[in-house]
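Take a look at the structure set out below.
The values are calculated or read from the model by the stated rules, or taken from the named source; none is laboratory data. Everything numeric in this text was worked out from a predicted model, so none of it was measured. Glycine gets a Cβ as well: all are built from the backbone with ideal geometry, and neighbour counts include every protein chain shown.
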């Protein structure tokens, strides 16, 4: 058996939203992302409620990117949700925290990427700050309309 060692990279992004956590948190769900995220596509595999909840499982086919299976590993509305995302070449832990502010919500995304293969290691840096900024803008636009 060959010696393989996965590489790891962490990203953090914070953004202020002009909406309370109670309005933001429900949107951090595979079903509700259809409402605000252009191009979003997922297949719900398991959910008792039909939306995000602890141990919810769904699959995505991002463009670009690899097919991924997501599991909600922590669910505490309206403050925190965490997903583990398993792809063929990488594993990601996505930690989302919502903190109430005087004017709305401080949203903080922390992603921990781990390469599972040499290809996964080579692509460990594909997630950029610009992608986080684009996601936050999409969320902001939707919240402004509601």
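Within 25 Å of residue 146 (Cα to Cα) and at pLDDT 95 or above: does that describe residue 109? Answer is yes for this residue.
Looking at the range 110-126, which of its residues are closer than 14 Å to residue 9 by Cα and in contact (Cβ under 8 Å) with a residue 60 or more places away in the chain? Answer for the range 110-126, where residues must be closer than 14 Å to residue 9 by Cα and in contact (Cβ under 8 Å) with a residue 60 or more places away in the chain: 110, 111, 112, 113, 114, 115, 116, 120, 121, 124, 125, 126.
Among the residues making up the range 90-104, those that are outside any strand (DSSP E or B) and surrounded by fewer than 17 Cβ atoms within 10 Å (Cβ to Cβ) are 101, 102, 103. Mind listing just one residue for me: the one in the range 112-123 that is in a strand (DSSP E or B) and out of contact with any helix residue (DSSP H, G or I) (no Cβ under 6 Å at 6 or more places or on another chain) and, of those, nearest to residue 144 (Cα to Cα)? The selected residue is 112.
Residue 107: assigned to a strand (DSSP E or B), buried (at least 17 other Cβ atoms within 10 Å of the Cβ) and under 15 Å from the mean Cα position of the chain (by Cα), yes or no? Yes; evaluated as a whole, the condition is true for this residue.
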